[in-house]
Structure formats: C-alpha cells, structure tokens
1. Can you name the condition, by its number, that residue 257 falls short on among (1) over 18 Å from residue 175 (Cβ atoms); (2) in a strand (DSSP E or B)?
2. Would you mind telling me which numbered condition in (1) within 30 Å of residue 151 (Cβ to Cβ); (2) part of a loop (DSSP other than H, G, I, E, B); (3) at pLDDT below 95 residue 37 fails?
3. So, residue 251, is that one buried (at least 18 other Cβ atoms within 10 Å of the Cβ), over 21 Å from residue 171 (Cα atoms) and outside the structural domain of residue 164 (by TED's automatic domain parsing) or not?
4. As an exercise: evaluate residue 231 against (1) touching a helix residue (DSSP H, G or I) at 6+ places or on another chain (Cβ under 7 Å); (2) surrounded by fewer than 19 Cβ atoms within 10 Å (Cβ to Cβ) and give the number of the one condition it does not meet.
5. How about the range 329-432: which strands (runs of 3 or more DSSP E) wholly inside it have at least 3 residues that are over 30 Å from residue 143 (Cβ atoms)?
6. Checking residue 222 against (1) touching a helix residue (DSSP H, G or I) at 6+ places or on another chain (Cβ under 7 Å); (2) surrounded by fewer than 14 Cβ atoms within 10 Å (Cβ to Cβ), which single condition isn't satisfied?
7. Residues being part of a strand (DSSP E or B) and either within 16 Å of residue 196 (Cβ to Cβ) or not assigned by TED's automatic domain parsing to the domain that holds residue 284 (or both): count how many of those fall in the range 206-236.
8. Report the residue count in the range 389-406 for those that are closer than 14 Å to residue 19 by Cα and without any contact (Cβ under 8 Å) to a residue 40 or more places away in the chain.
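The values are calculated or read from the model by the stated rules, or taken from the named source; none is laboratory data. Everything numeric in this text was worked out from a predicted model, so none of it was measured. We place every Cβ from the backbone using ideal geometry, glycine too, and count neighbours over all the protein chains shown.
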C-alpha cells in the first residue's frame, strides 16, 4: 500500500536530516579548531519498483545519506608567535605519530597525517602538539645534509627529538683569503717589508685556533713568499711562491702559485690549497689564476679585510626554526644554524578518502590510495609556513544557513508522518 511507503519515506527523511544536523553541529562546534576539516552530508534518492515510466502505482522509496569529510578544503592561514607553529601553503600533510609511536625509533612508528600544528618540545625533547601527536622527519647528518630516503613508505621517518641542553660547533672547513698585497713593496726601490696576518679558525672540538700568515717580498717584481704557521703547534703547514700578473686586463691577479718543499699542492682550477692541521683539513681559497676575488696585489696598502672562515665555536641551543623547504634548524647563541631534520610533505591521490581520527589527524585508507613523501615545493605539494597555523575550514554563516534548511526539511518530513497518521485514522473510521 502506497500510503505505508509514504510513512517510511517520511521516517527516512527524518533520519536523513538528523544526520545532516549532526554534521552541521560538528562543524559549528569545531569552528575554532585549528586544522579542522568540515563534514558534508549528501542526500540520495531511493527508488522502489522498476522505476519505469507509466506505472499505475507508485511506492515512495525515501532518501538515504552519505557523509564525507572535505579534507581537501582547508581554512585560511594566520600568523602566530611560535616558530614551530607549522602550516602548509598548498596541498599536503604533516607526518606525525602517536604518543606511543614516539618511543619507536626504528622506523616502525605508525604514520598519521595532520594539516597544521603548534609543536613544542616536551620534557624529553619531542616536538608535540597540544593533542600529543609527535612530528616526524628524516634525520640529517652531522654536517646538516639529509641523505636520500625512501619515498613510498615511512621507514626512514623518525619522531623528532631535540635535546634541550645540547651544544654544537662547526669546525672550520674553508678559509677565503681575499687579501690585497701592496704592489709598491716589490719595486726595486722598496724596502721589501713583509706583511703579517692572523687567521682564526675553529677546530674539531669547537676550540679556537690561529694561523699566522706572512707575505715576504721575494726580491723580484710582483713576487712574494707566503708562509702559513699554526700558532698552536708552531709548525709550518705550507709555503708558497706567489707571482702576480701585471698584464693589461689581469693586472693584480695571481699569475702562478708554486708550493715550496712538501707543502700541499695548489689547485689551479678551484684556486685552493688543502691544509692539514692535526686531524682537521681546511681548504684555503687563494683564488684562481687570472681571476678576481682571491689574493691580489695592487696599490701600496696591505688590506686583509676580506678574510673569512666558516667555522663557529661551541654554542648553546636557543631555539628551533623551520624554513619553507621543511628543514628543521637548531639555532645556537653563537649565531649559526644547523639542520637537524627535514620534514617531508605527505600526499595521497584522494585526500577525501582518508580515515578521520581524533585531534585533526588522518590515516591512510584504501579509498585514499597509497601515500608518497615529497620535499616541500616539489610535485603537487605546497610549502611550509612557520609562525603560522591553519584555521578551521568551517564557515559559520554557511552552516547556520544549512541549519535553517535542515530544520525546515525535518519539520516537513514530520508533517508527512502526521498526515499519514491522519489518513490511517480516516481509514479506521470507515468501519464505523
């Protein structure tokens, strides 16, 4: 009897709108939740019978619903004061793990995904968000470089843990000798006074050292002897005969560099020599033949102002920073930074197929497809934004409008049930 199908259709309408009301209430409740993705209810008609045109009787099939979390639709980014507040400008997810997973440092920590997070160090040095999720990344080498890692599984990822009281130093690896020698001292009438220079460096233990460098005119025009002595040991670690060009266009640049005795060889291509001080090797860049930027000989003034070295003494950790490429750097009070981890961005073919979990976390599912770990800015993924969080994707005005529509639809379906009840009453009255 079609009147019975009308009753069932009205009941299915009540259920459907109650489901929509649930998603609306969830969206509104999370309108201030960072990284929240709104849920959406879709309505689908149900057909009972053949569905062919021209049928004499019609039975109401009613309506069914399906819910979907719109993971691919994010909110706006807002600025914060915490350098490890992380948002993503574009597509992609942050790799995180659970509190229990943070104890697994062998590549077996379960991979969860989140869209944004305010991460801070806990008592053990783990970077956690307020919900307890721990950020994961690829560990960097001691020199700050990140080795290649597999991209289609999480075996290379580790929960990020940074020692609160750690110290670090950068031993000197390169000294740039952008020094100008006085050409006037090599003239026949000159006194031939030497020029002296002290160059600081940092050894492998983070301790300071000094190289005493002397430049002695050798008696011939445009010719010098350079001696390099380690002040700590008193040993001469290199001697070189330098000849400078006086040709038009290249005047003042190096014409030749000749090692004296067993001194390390000079590489004319790179313009450098490799000095060995104990167990440490330092590349001293003198400049290539005929090129500017290194040792030069011009005028009558000795100018050592261009000498630089890349080492830093031992420093204390004062903070963490993340750049647009996902490099998590430790910042030290000596003024240098060292990359500790690189955080990849996780992407899946169908973000809306991810399984939603508590605390704005997601898990890869069959519907989402398998994940891939991208470097930020590569492929389809966006870039990291530090000092930022992503707001909730809920539009409160839109949800309130949907709430009004749902309320009216619910009332209408209730009216259908009331009408069917009255019709049943009329049917019962026939017997009387």
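1. Looking at each condition in turn, residue 257 falls short on (1).
2. Every condition holds for residue 37 apart from (3).
3. Considered against the rule, which asks whether it is buried (at least 18 other Cβ atoms within 10 Å of the Cβ), over 21 Å from residue 171 (Cα atoms) and outside the structural domain of residue 164 (by TED's automatic domain parsing), residue 251 comes out as no.
4. Going through the list (1) touching a helix residue (DSSP H, G or I) at 6+ places or on another chain (Cβ under 7 Å); (2) surrounded by fewer than 19 Cβ atoms within 10 Å (Cβ to Cβ), residue 231 breaks only (1).
5. Output list reads 361-363.
6. That leaves (2) as the condition not met.
7. 16
8. Total satisfying the criteria: 1.
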